[in-house]
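Written out below as structure tokens is the structure these notes cover.
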């Protein structure tokens with residue numbers, strides 16, 4: 001097949017720079033994508049569960065002290081059964097509990113003795129009222145796909161799972177406003193919306209398992225933030241249950257409501273420390289009629305930034321994602337997941353997605369852009385997909401990165417925001433700092449919103465390696481005016497480093513808000529912000 005210059009995009013995708021289309025590679029990627037999508041329907045904590053024995057968090061971190069909470073007893077279990085009648089609503093079986101107690105990265109494990117599975121807001125209210133009166137600490141849990149230990153117990157906290165709160169309540173097909181329960185799986189919501197010509201403003205690699213309530217509690221970013229902005233702008237209303245069981249109904253479906261404080265914003269990104277989200281009203285954009293994905297190769301990260309700058313100018317309103325991966329990332333994909341590289345080998349790779357309403361218009365803009373990138377030597381090679389199955393195959397290269405890294409053993413994950421000119425310097429600095437003590441240092445992420453995913457792997461967890469990484473990585477980010485958490489939250493793992501990104505006065509205000517809204521401190525203790533004491 002000829003180079004893209006002077007040609008139009010062909011249905012299904014093409015390779016350019018004189019490289020012919022390789023259907024074997026596409027079919028391998030498609031097969032990998034199908035396998036991944038199927039596995040995503042299963043809770044992530046089942047991955048490698050038998051393979052890895054996870055140390056209890058309280059043992060790995062011996063300086064931790066349990067808070068002044070009551071210990072659960074048989075009477076509590078009996079009372080929970082009365083509040084949640086029916087089979088499978090109160091889980092106490094040790095084998096079943098293991099999955100809920102362990103995060104999917106296999107880095108944190110608690111010792112909760114019970115999982116509660118409410119179906120309604122009223123049941124959540126009754127449970128929290130009971131736990132607050134008894135001083136029983138609680139961990140809200142959605143799909144348990146978090147990466148900072150925020151959704152699993154640290155000690156023996158009661159787990160309240162939203163997995164049975166999975167009803168779609170309404171969709172206004174004029175305004176695109178969706179109202180749903182917090183336990184709805186993100187991929188299921190997106191599938192439902194696509195049937196009605198809308199789409200979710202959020203897209204994550206974990207979409208097959210993560211719950212929308214957890215997405216909101218962590219203020220998840222994802223690959224569509226470049227196009228649709230953060231959840232703070234997409235969420236019109238929330239229903240939340242406070243620690244004492246009181247229901248806060250801010251479930252507005254109005255785009256404009258300037259009456260008093262915008263309380264819902266407090267709960268977005270609060271990581272379950274201020275209340276349990278039970279319902280959400282979400283403003284959903286129209287489903288794009290035309291979607292194209294280009295997977296490109298570059299010689300340097302400076303070229304990646306040049307391509308990004310040009311893409312904003314030349315693609316404008318149709319640019320919906322701009323992701324990058326380094327060569328170490330591609331090694332993970334090929335060696336750990338046995339997936340092929342869609343193009344030739346390069347130091348850096350770019351995934352660009354465009355989405356719009358006019359296919360011909362978008363195709364012309366993308367053609368012009370790619371011709372310019374090739375002729376200027378900013379891009380050396382690539383492939384373009386227009387068929388949805390092939391688009392998903394290319395996306396799987398990016399989306400399965402976290403899964404691939406787990407094959408190395410233990411993964412130290414860092415999710416930071418940095419000025420783009422310093423973006424990749426952190427990866428290079430960490431490689432120099434750690435040397436051959438680690439298996440690999442990998443950098444990938446969302447160039448479109450300045451979010452780097454730095455991943456460091458070793459065969460097993462090592463206190464020595466952790467001491468080399470932290471606080472070094474956080475000091476580096478703070479020195480370069482970044483944020484230590486771009487989209488994953490602080491959870492258990494990062495809360496003590498909050499001062500690298502927030503002032504003491506800001507943290508004191510957060511602590512004061514927590515004290516007012518959860519005076520007994522039962523909601524997700526040991527997470528997000530340091531104790532006021």
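Helix 504-517 and the longest principal axis of the C-alpha atoms of the chain enclose an angle of approximately 50°. Only DSSP H runs of four or more residues enter the estimate; each adds -39500 (n - 2.57), and after division by the residues of the chain the mean residue ellipticity at 222 nm equals -9500 deg cm²/dmol. Each of 314, 200 was scored by other Cβ atoms within 10 Å of its Cβ. Listed from fewest to most, they are 314, 200. Roughly speaking, what is the centre-to-centre gap between region 63-112 and region 250-275 when only Cα atoms are used, to the nearest Å? Here the two parts' Cα centres lie 29 Å apart. Centre-to-centre, using Cα atoms only, region 376-437 and region 218-249 are separated by 27 Å. Enclosing the Cα atoms of region 408-501 in their convex hull gives a volume equal to 90 cubic angstrom per residue. Overall size of region 215-284 from C-alpha positions, given as principal axis extents largest first: 38, 25, 17 Å.
Residue exposure proxy: 493, 119, 504, 87, ordered by other Cβ atoms within 10 angstrom of their Cβ from fewest to most, comes out as 87, 504, 119, 493. Computed from the Kirkwood radius of its Cα pairs, the Stokes-Einstein diffusion coefficient for region 222-331 at 4 °C and 1.567 mPa s stands at 75 µm²/s.
Pop the C-beta distance of residue 53 and residue 433 into the FRET formula with R0 = 22 Å and round what comes out to the nearest 0.05. The value I calculate is 0.15. From the Cα gyration tensor of region 301-416, with a ≥ b ≥ c the square roots of its eigenvalues, which class applies: rounded if a/c is under 1.5, or else prolate if a/b is larger than b/c, or else oblate? Prolate. Relative to the longest principal axis of the Cα atoms of the chain, the long axis of helix 301-315 lies at roughly 90 degrees. At the listed q of 0.17, 0.20, 0.21 Å⁻¹, the Debye profile of region 348-462, built from one uniform point per Cα, gives log10 I(q)/I(0) equal to -1.00, -1.19, -1.24. Pairs of Cα atoms nearer than 8 Å and 6+ residues apart set the relative contact order; for region 203-303 it is 31 percent. A crude spin-label estimate for the pair residue 364 and residue 335, with each label 7 Å from Cα along the Cβ direction, gives 4.7 nm. Among 164, 254, 231, sorting on how many other beta-carbon atoms sit within 10 Å of each Cβ, with the fewest leading, yields 254, 164, 231. When peptides 174-180, 439-445, 463-469 are sorted by average Cβ neighbour count within 10 Å, with the highest value leading, the order is 439-445, 174-180, 463-469. Packing here is the average count of other Cβ atoms within 10 Å per residue, and on that basis the peptides 295-305, 212-222, highest first, run 212-222, 295-305. By DSSP, the beta bridges lying fully in region 62-161 are antiparallel in about 35 percent of cases. Normalised by the number of residues in the chain, the mean separation of alpha-carbon contacts (under 8 Å, six or more apart) gives a relative contact order of 17 percent. Size of the chain from its Cα atoms: along the principal axes, largest to smallest, the extents are 74, 57, 44 Å.
Rounded if a/c is under 1.5, else prolate if a/b is larger than b/c, else oblate: which is region 48-103, with a ≥ b ≥ c the root eigenvalues of its Cα gyration tensor? Oblate. How big, in percent, is the set of alpha carbon pairs in region 62-161 lying more than 23 Å apart? Beyond 23 Å sits 21 percent of the P(r) for region 62-161. For the pair residue 506 and residue 380, the difference between a 0.36 nm per residue extended length and the Cα-Cα distance amounts to 40.7 nm. Computed over the alpha-carbon atoms, region 128-201 gives an Rg to Rh ratio of 1.11, Rh here being the Kirkwood radius from the mean inverse distance.
Remark: the residue 344-residue 65 segment gains 95.2 nm on full extension, using 0.36 nm per residue and subtracting the alpha carbon distance. Taking the longest Cα principal axis of the chain as reference, the axis of helix 359-375 is set at about 70 degrees.
The P(r) of region 454-502 has a tail past 13 Å containing 61 percent of all C-alpha pairs. With a Förster radius of 41 Å applied to the beta-carbon distance between residue 75 and residue 191, the computed FRET efficiency rounds to 0.45.
Every number here is computed from the coordinates shown, using simple stated rules; none is lab data. From a predicted model like this one, the values you see are computed outputs, not experimental measurements. Cβ coordinates were reconstructed from backbone atoms using ideal geometry, including for glycine residues, and neighbour counts include every protein chain displayed.
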